[in-house]
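Note sheet for the following structure.
The values are calculated or read from the model by the stated rules, or taken from the named source; none is laboratory data. Bear in mind the structure is a predicted one, so any value in this text is a computation, not a measurement. Using ideal geometry, Cβ is built from the backbone for each residue, glycine included, and neighbour counts are taken over all protein chains shown. Accessible surface is based on the protein model in full, side chains and every heavy atom, while ligands, DNA and RNA are left aside. Shrake-Rupley method; radii C 1.70, N 1.55, O 1.52, S 1.80 Å.
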Amino acid sequence: MPVQQTLFDTADPSTAGVEAIELESGATILRGFALEDAAALLVAIERIADAAPLRHMTTARGWRMSVATTNCGDAGWLSDRSGYRYDAIDPETGRQWPALPELFADLAARAAREAGFAHFEPDACLVNRYAPGARLALHQDRNELDFDAPIVSVSLGVPATFLWGGATRADRPRRVRVEHGDIVVWGGPARLNFHGVDTLRESYHALTGSVRFNLTFRRALLRR
Ligand code: SIN
Ligand code: FE2
């Protein structure tokens, strides 16, 4: 059973009373942590997608991903027939990915701190859009050069079922509902856990319609 606790021992009064659910050591859900910033995050996502369009990438095996993806930050995550990697240039536009907005970096750092990871400075933000029927198969985030930094994952729009697996693909994932404004943070002993998102169901959110957005913040490159 998840340990449920309310964190009142934080030094930051603005985050006092955040509902934090520990999935396991190193992995925490912060319920509603992004709620206040959600509308601004969605405006920023629109701006990012104007400069670097959301697109369905291809897996190494040639499958079209059901999730539509773009990036912002110094490094953008890419998948194509040659595999997964990070690149500073968006192959679709030939330009650098849009800069990571201040609000994004600040929110990610605050969430990481709340979950026990101080000084998180993301350099990559994956922007995923899930339409009804889209899913993300179980995987590990392991293309980053820095596994000391956590992963910070922000849910916006319609709810989804996050699949929280274990250290091996064979570990049966736990099904965790993630809603608009929730943030999942994992790092330390849980940094390489398998995870994914179950097929998105038809539903409605006032700010996004039938769609779910996810922002995944990472430290992809080594610290200078
Ligand atoms: C990811 O693993 O990259 C995204 C997870 C999510 O959409 O919640
Ligand atoms: Fe992931």
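So that you can scan it fast, the table gives a plain yes or no per residue for (1) modelled with pLDDT of 95 or more; (2) within 15 Å of ligand 2 (Cβ to nearest atom); (3) surrounded by 15 or more Cβ atoms within 10 Å (Cβ to Cβ):
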position: 53; (1), (2), (3): yes, no, no
position: 56; (1), (2), (3): yes, no, no
position: 65; (1), (2), (3): yes, yes, yes
position: 99; (1), (2), (3): yes, no, no
position: 143; (1), (2), (3): no, yes, yes
position: 157; (1), (2), (3): yes, no, yes
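Among the residues that make up region 174-189, is at least one of them open to solvent by 10 Å² or more (accessible area, probe 1.4 Å) and in contact with a Phe, Trp or Tyr (Cβ under 6 Å, 6 or more places away or on another chain)? Checked against the condition, which is being open to solvent by 10 Å² or more (accessible area, probe 1.4 Å) and in contact with a Phe, Trp or Tyr (Cβ under 6 Å, 6 or more places away or on another chain), region 174-189 yields at least one hit. Residues being closer than 24 Å to residue 86 by Cα, within 13 Å of ligand 1 (Cβ to nearest atom) and either at pLDDT 95 or above or crowded, with 17+ Cβ neighbours inside 10 Å (or both) are represented in region 196-209 by at least one member.
Go through (1) at pLDDT 95 or above; (2) more than 16 Å from ligand 2 (Cβ to nearest atom); (3) of a type outside the set (Val, Ile, Thr) for residue 187 and report which single condition fails. Result: residue 187 fails condition (2) only. Of the numbered criteria (1) closer than 22 Å to residue 181 by Cβ; (2) at pLDDT 95 or above; (3) polar (S, T, N, Q); (4) more than 17 Å from the chain's Cα centre (by Cα), the one residue 28 fails is (4). Applying the criterion of being aliphatic (A, V, I, L, M) and more than 11 Å from ligand 1 (Cβ to nearest atom) to the residues of region 159-172, the residue that is most open to solvent (accessible area, probe 1.4 Å) is 170.
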